[in-house]
1. Among Ser76, Ser160, Ser235, rank each residue by its count of other Cβ atoms within 10 Å, from fewest to most, as a rough exposure measure.
2. Based on the Cβ-Cβ distance from Lys22 to Gln93, what FRET efficiency comes out when R0 is 45 Å, to the nearest 0.05?
3. If the chain between Arg86 and Glu217 were fully stretched, how many nm would it gain, using 0.36 nm times the residue separation less the Cα-Cα distance?
4. Would you list Lys132, Lys170 from fewest to most Cβ contacts within 10 Å?
5. Testing the spin-label approximation: label points 7 Å from Cα along Cα→Cβ at Met224 and Tyr261. State their distance in nm.
6. Among the listed pairs Lys156/Lys249; Lys210/Lys245; Lys26/Lys65; Lys16/Lys171; Lys88/Lys171; Lys51/Lys170, which have their C-alpha atoms separated by more than 19 angstrom in this model?
7. For Ile36, Ile85, which order do you get if you count the other beta carbons within 10 Å of each Cβ and list the fewest first?
8. How big is the charge dipole of region 11-63 about its Cα centre, in debye rounded to the nearest 20, if each Lys and Arg gets +1 on its Cβ and each Asp and Glu gets -1 on its Cβ?
Amino acid sequence: MNENNYCHITMEQRFKIEALLKAGHKATFIAKQLNIHRSSIYRELNRNKTKTGKYNASFAQELSKEKKERFSNNRSFTFSMEKFIRDKLSKEQWSPEQISGYCEENNIPMVSHESIYKFIYQDKDNGGVLYKNLRVASKKYRKRYGSGKNKRDIIKDKVSIDDRLECINKKERVGDWEIDTIVGKNNKGAIVTIAERATAFVLIAKLNGKNAQELAETVVKLMMPFKDLVLSITSDNGTEFAMHKYISKKLDALFYFAHPYSSWERGLNEYTNRLIRQYIPKKQSLTILTIFISTK
């Protein structure tokens, strides 16, 4: 392998690097395991380390993405880029963020997602219809927990997100999850979505409704195969999570509650639900669905 050749490090490789480092392996060994020249590993460790000098895969990925976007801002918008964007938007309904992220991971020349949005709205001004493929945000929606203090207090022994470990807030490990529900038309049927904060791995299962016991049993069944990677779960204050202590005990995990009306505290889960809503509109009944799946 030519030592002068620079190898682009992918997100998956970054998590492998972090795991091998924690296991006590040196850069030379890691390079052999990933089939990457050791100079690329040294460069990755030096460029993308945290302020404390440690290597964190999630931090390295975000830092690399920021550098790539700064570089992309100066990149010419080519015909091949336009064709790729049009195909992914109209045929596969990818978001600009997905297009930009996919190209980054696969070393495909592409402008930043901000530039893709500009292109889409320029196309709209010229009579184009690309904008119709965007996931248009609906009116701001606040999840209702019931009127009155007593109904909110049905959930006993809650642990506030304020007490959550700092390593969870910083996404410094794999095993911290966010959980929420999506409700069908006329409150008939629901699905539970559980997103892992560091990797964006998502688990989804169908519910008959928002019954707390059914949800708790479904969550335990869904997450049990990953029990060793379930360290904490954070939810909103919906009463469907009233049996949080059952979930916590069965999975041997900490359970936290975000502040009321603070959806940004579970940003990944909220974003995941918006992606799902692209294919399951709010006006659609969930009773006809038969899902018990995991996806990334």
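Derivation of every value follows stated rules applied to the coordinates shown; laboratory data play no part. Small disclaimer: the values here were computed from a predicted structure and weren't measured. Cβ coordinates were reconstructed from backbone atoms using ideal geometry, including for glycine residues, and neighbour counts include every protein chain displayed.
1. On the way: Ser76 7, Ser160 10, Ser235 26.
Ordered from fewest to most neighbouring Cβ atoms within 10 Å, Ser76, Ser160, Ser235 come out as Ser76, Ser160, Ser235.
2. Details: r = 38 Å, r/R0 = 0.84.
According to the calculation, E is roughly 0.75.
3. That works out to 42.9 nm of additional length.
4. Listing Lys132, Lys170 from fewest to most nearby Cβ atoms yields Lys132, Lys170.
5. My value for the distance between the label points is 4.0 nm.
6. Correct reply: Lys26/Lys65; Lys88/Lys171.
7. Least to most surrounded, the residues fall as Ile36, Ile85.
8. Details: 11 positive and 4 negative charges, 44 e Å.
Rounded to the nearest 20 debye, it is 220 debye.
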